[in-house]
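To start, the structure itself, in structure tokens.
The values are calculated or read from the model by the stated rules, or taken from the named source; none is laboratory data. Quick caveat: nothing in here was measured; it's all calculated off a predicted structure. Counting neighbours? That spans all protein chains shown, and the Cβs are built from the backbone with ideal geometry, glycine included.
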């Protein structure tokens with residue numbers, strides 16, 4: 001069952017919230033040794049919270065996991081994937097945590113992520129790699145890979161993700177889930193952050209169903225006191241959009257990557273399949289490349305991320321009161337930080353302005369189309385170990401990761417626009433490849449309406465990976481069995 005269905009069982013009294021939580025704990029304990037998705041557990045706190053959940057809350061008693069990045073939970077270890085923070089414990093609750101609890105969610109633990117979320121893979125030196133439930137030799141992508149593996153395997157029906165360059169949508173594609181990146185400022189970043197990475201960063205979740213994502217966003221969205229700016233107020237609840245007729249949409253699409261690098265044939269096949277399905281549903285499909293993503297803009301995107309890495313490390317130096325030791329930071333983080341420190345403040349602001357001008361180009365482009373469609377990833381999930389760095393080659397993970405995300409999901413972060421990855425296609429190896437839709441600023445409604453239509457036309461929730469709550473490892477047989 002998805003989260004909405006589980007909450008309905010609690011609301012009607014058919015199931016107690018504690019039963020939902022106990023079941024999720026059993027699944028985590030059974031599946032996590034194989035997947036390494038959950039790195040911190042909070043079982044006693046979760047069972048206590050479940051006993052006190054208001055049954056009329058929209059997601060009453062639903063088990064939930066929180067990514068170990070940005071969002072803090074008082075009294076719980078918090079590492080951001082880094083050995084530098086291996087002994088850190090949070091002292092406060094992020095605002096979105098308070099909203100999750102008011103919605104009835106019960107937090108069972110924290111999920112794995114790469115160091116500071118700066119690479120599209122989930123293989124930190126601190127906790128080791130999270131493995132893809134569809135093929136445990138493969139990556140979950142990142143940076144919300146732990147959450148993606150947990151939801152895809154059925155540990156929980158939904159889990160937290162955050163997204164500063166594609167980190168909800170990439171693992172959603174790699175693990176066969178629905179992943180929505182909301183409009184800038186739709187969800188709160190407080191009390192600690194206001195305009196993280198020039199407004200590129202946002203919070204939401206990975207889910208199996210579209211309605212789960214919509215109901216959760218209804219529960220968490222809205223301006224928080226002191227926010228630097230608000231997102232446009234929706235016309236009606238997002239949950240009301242799921243199942244509503246999207247009408248005949250004009251959807252621009254391309255199989256071309258901005259740099260002209262050939263995508264994997266399976267990703268092109270996934271796009272062709274999505275285009276055919278959308279045309280069958282009556283939408284107008286128009287082949288068009290996104291304008292304005294020039295090498296100059298690409299260089300500025302890189303400068304923002306390098307500067308962001310330096311900002312993150314500086315933030316933690318101030319907070320924990322010590323410099324990182326020689327083995328505290330991974331090679332890629334050290335390399336990015338060195339480059340970030342070399343960027344003058346004025347140059348950083350120039351890079352931000354260049355990216356914002358590009359955002360205006362995208363906005364003009366979307367006056368002639370309702371959505372822009374590409375594959376989410378430019379390769380199927382790569383093998384574990386491919387997106388890693390060494391002291392001898394610290395930028396290796398950056399290069400290898402970039403090769404998997406050549407369709408520039410970061411565009412949605414630069415513009416602040418909502419975007420989503422939908423699991424419509426599996427290749428011959430049984431690996432999912434998502435279809436990525438970029439919407440207009442403030443217009444999650446169109447995305448939810450279309451996602452609901454596609455979910456009806458091509459259901460995916462009944463597809464379960466090899467490692468899941470519906471399958472288990474039979475040690476005597478040495479294979480996965482139903």
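Worth a mention:
- The residues in the range 314-338 that are touching a residue at least 40 places away in the same chain (Cβ under 8 Å) and either in a helix (DSSP H, G or I) or within 11 Å of residue 116 (Cα to Cα) (or both) can be counted, and the count is 10.
- Test: residue in the range 165-178 that is assigned to a strand (DSSP E or B), at pLDDT 95 or above and either over 18 Å from residue 465 (Cα atoms) or in contact with a helix residue (DSSP H, G or I) (Cβ under 6 Å, 6 or more places away or on another chain) (or both): yes
- Candidates 234, 246, 258, 188, filtered to the one that is surrounded by 16 or more Cβ atoms within 10 Å (Cβ to Cβ), at pLDDT below 95 and part of a loop (DSSP other than H, G, I, E, B): 258
- For residue 26, the conditions (1) surrounded by 18 or more Cβ atoms within 10 Å (Cβ to Cβ); (2) on the phi < 0 side of the Ramachandran plot all hold with the exception of (1).
- Only a single criterion out of (1) surrounded by fewer than 24 Cβ atoms within 10 Å (Cβ to Cβ); (2) over 19 Å from residue 206 (Cβ atoms) is not satisfied by residue 84, namely (1).
- Residue count for the range 32-74, restricted to those that are more than 21 Å from residue 89 (Cβ to Cβ) and over 21 Å from the mean Cα position of the chain (by Cα): 13
- Residue in the range 39-59 that is modelled with pLDDT of 95 or more, at positive phi and part of a loop (DSSP other than H, G, I, E, B) present: no
- If the condition is being buried (at least 24 other Cβ atoms within 10 Å of the Cβ) and not in a loop (DSSP other than H, G, I, E, B), then the range 97-142 contributes 100, 106, 108, 109, 110, 111, 115, 116, 117, 132.
- Qualifying residue in the range 345-366 (condition: in a loop (DSSP other than H, G, I, E, B) and over 28 Å from residue 177 (Cβ atoms)): no
- The residues in the range 340-369 that are closer than 30 Å to residue 285 by Cβ and touching a helix residue (DSSP H, G or I) at 6+ places or on another chain (Cβ under 6 Å) can be counted, and the count is 4.
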